[in-house]
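This report refers to the structure that appears directly beneath it.
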Amino acid sequence: MSAILAECISKLQLENVPNLAPKAAQYFDQIGQRLSRSKTTALALCRQSIAVQLACESLSVPFNEAAACSLSSVSLSDFRVCVKEARTSLGLVKHITLEELDVQYGPPPEIIEYSRRLLDEFRHTLGATMPAAVSRSMNWDDSVYIV
């Protein structure tokens, strides 16, 4: 792992997060390879912060975007543009959790619990209709199915 990336993780106070450093290093390298000809000049300044953010998202760890912008010396809007460009080029899709929807829209409390039960029922029904080999190969812990 590069010293720049290690320093970024340390300054964002994430050095104690298990598996974060290797995941961030992986994203750091991929961003360097895939976005080497990017037209976004801010990307060079915030590449390490973006790598850490993507690693945090993949590990479901909270990330302080404002601190990352300050560390990278770019504006919040430029940082978000670069993150979006990195996600797109790496084929990453950020999945929204029920808790995030709850915070954003503020539905009645019973709606979130009902949604969780509905998704659990969906998993059970879908798993029961699949052939056994396919059902065993399903990764229900994948972020697509986590609520």
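The values are calculated or read from the model by the stated rules, or taken from the named source; none is laboratory data. In this text, all values refer to a predicted model and were calculated from it rather than measured experimentally. No Cβ is skipped: glycine too gets one built from the backbone with ideal geometry, and neighbour counts run over all protein chains shown. Surface accessibility is based on the protein's heavy atoms, side chains included, excluding ligands, DNA and RNA. Shrake-Rupley method; radii C 1.70, N 1.55, O 1.52, S 1.80 Å.
See the values below:
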read-out: Charge dipole (debye, nearest 20) of the chain; +1 at Cβ of Lys and Arg, -1 at Cβ of Asp and Glu; value: 640 debye
read-out: Rough spin-label spacing in nm, given labels placed 7 Å along Cα→Cβ, for residue 105 and residue 90; value: 2.8 nm
read-out: Most to least packed among 5-12, 126-133, 44-51 [average Cβ atoms within 10 Å]; value: 44-51, 5-12, 126-133
read-out: Accessible surface of the chain [probe 1.4 Å, protein heavy atoms]: carbon and sulfur percent; value: 55 percent
read-out: Net +/- balance of residues flanking residue 79 in space, Cβ distance below 12 Å, scoring K and R +1, D and E -1; value: 0
read-out: Calculated diffusion of the chain, Stokes-Einstein form, Kirkwood radius summed over Cα pairs, 4 °C and 1.567 mPa s, µm²/s; value: 75 µm²/s
read-out: Mean Kyte hydropathy of -0.5 or more with a Cα span along the axis of at least 18 Å, helices from DSSP in the chain; value: 42-58, 76-90
read-out: Accessible area (Å², per residue) of segment 24-83, counting only protein heavy atoms and a probe of 1.4 Å; value: 51 Å²
read-out: Choice from 120, 29, 78 with maximal GNM fluctuation in the chain (Cα, 10 Å cutoff); value: 120
